[in-house]
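The values are calculated or read from the model by the stated rules, or taken from the named source; none is laboratory data. As the structure is a computational prediction, the values presented were derived from the model and not from experiment. Here the Cβ positions follow ideal geometry from the backbone for every residue, glycine too, while neighbour counts run over all protein chains shown. The area values use the complete protein model at the heavy-atom level, side chains included, leaving out ligands, DNA and RNA. Shrake-Rupley method; radii C 1.70, N 1.55, O 1.52, S 1.80 Å.
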Amino acid sequence: MKYYRIVVFCTFLSSLFLVSSCSSELDFNQVNDAKLEPVFIANLSYFDVQPKDFFVNGQEQAIAFDAENFDVFRDKYFKSYLRKADFYFEVENTITRSFSLDIVLFDQNDQVLYIKTLAIPAYTGTTIRVTDTDIFENAKLDLLKRTTRLGFGIVKNAGTPLTVNSPGNLILRSTATVYLVIQ
């Protein structure tokens with residue numbers, strides 16, 4: 001009998017705790033206040049140019065140019081979420097000639113939107129490495145969002161003539177760090 005009273009008392013006490021437990025109203029509208037800020041890092045472009053690449057039909061050319069499609073911004077959601085982008089460039093030169101590297105952004109009508117020029121000194125026995133970061137935000141970011149093609153122009157500066165068999169190469173590595181805000 002005593003055991004029965006203890007069980008009834010414990011059951012009553014447990015029920016009392018369950019009934020009077022703390023609770024609050026759930027606010028599912030908090031989801032509307034959610035803010036995601038993902039950051040992505042991706043390869044932007046890479047090339048490895050050798051002196052022979054400056055020759056066409058045996059004739060030395062002063063300029064090498066290539067453009068590639070850059071249709072990252074065709075997605076309207078990605079475009080609207082983009083808040084900032086950092087382009088990092090690293091150029092390594094082992095050719096005994098200095099260069100200028102032009103990085104060119106084009107719109108859908110092939111109009112130039114933006115040009116970034118990097119001076120690349122000539123190789124003198126120690127590998128030349130030039131790095132640069134270009135930050136796109138505000139008005140400059142709007143130019144980037146209109147970009148549909150990305151071009152690279154390499155201009156040989158005055159110096160020792162190159163031959164098809166000249167040693168060395170010019171290597172570009174670049175990455176893009178993209179900052180999004182999704183609300």
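If you go through segment 166-175 one residue at a time, do you hit one that is at pLDDT 90 or above and under 30 Å from ALA34 (Cα atoms)? Yes, there is a match, as at least one residue in segment 166-175 is at pLDDT 90 or above and under 30 Å from ALA34 (Cα atoms). State whether the residues of segment 151-168 include one that is within 20 Å of the chain's Cα centre (by Cα) and open to solvent by 30 Å² or more (accessible area, probe 1.4 Å). Checked segment 151-168: no residue is within 20 Å of the chain's Cα centre (by Cα) and open to solvent by 30 Å² or more (accessible area, probe 1.4 Å).
Taken over segment 105-120, the residue count meeting the criterion of being surrounded by 12 or more Cβ atoms within 10 Å (Cβ to Cβ) and in a loop (DSSP other than H, G, I, E, B) is 1.
Do we have ASN57 as over 19 Å from SER174 (Cα atoms) and either at pLDDT 85 or above or over 29 Å from the mean Cα position of the chain (by Cα) (or both) here? Answer is yes for this residue.
Please find, within segment 58-104, the residue that is nearest to SER166 (Cα to Cα) out of those that are open to solvent by 20 Å² or more (accessible area, probe 1.4 Å) and of a type in the set (S, T, N, Q).
THR96
The strands (runs of 3 or more DSSP E) falling completely within segment 125-183 that include 2 or more residues that are in contact (Cβ under 8 Å) with a residue 60 or more places away in the chain map to 149-156, 170-180. Checking each residue in segment 121-136 for being open to solvent by less than 80 Å² (accessible area, probe 1.4 Å) and within 22 Å of the chain's Cα centre (by Cα) picks out VAL130, THR131, ASP132, THR133, ASP134, ILE135, PHE136.
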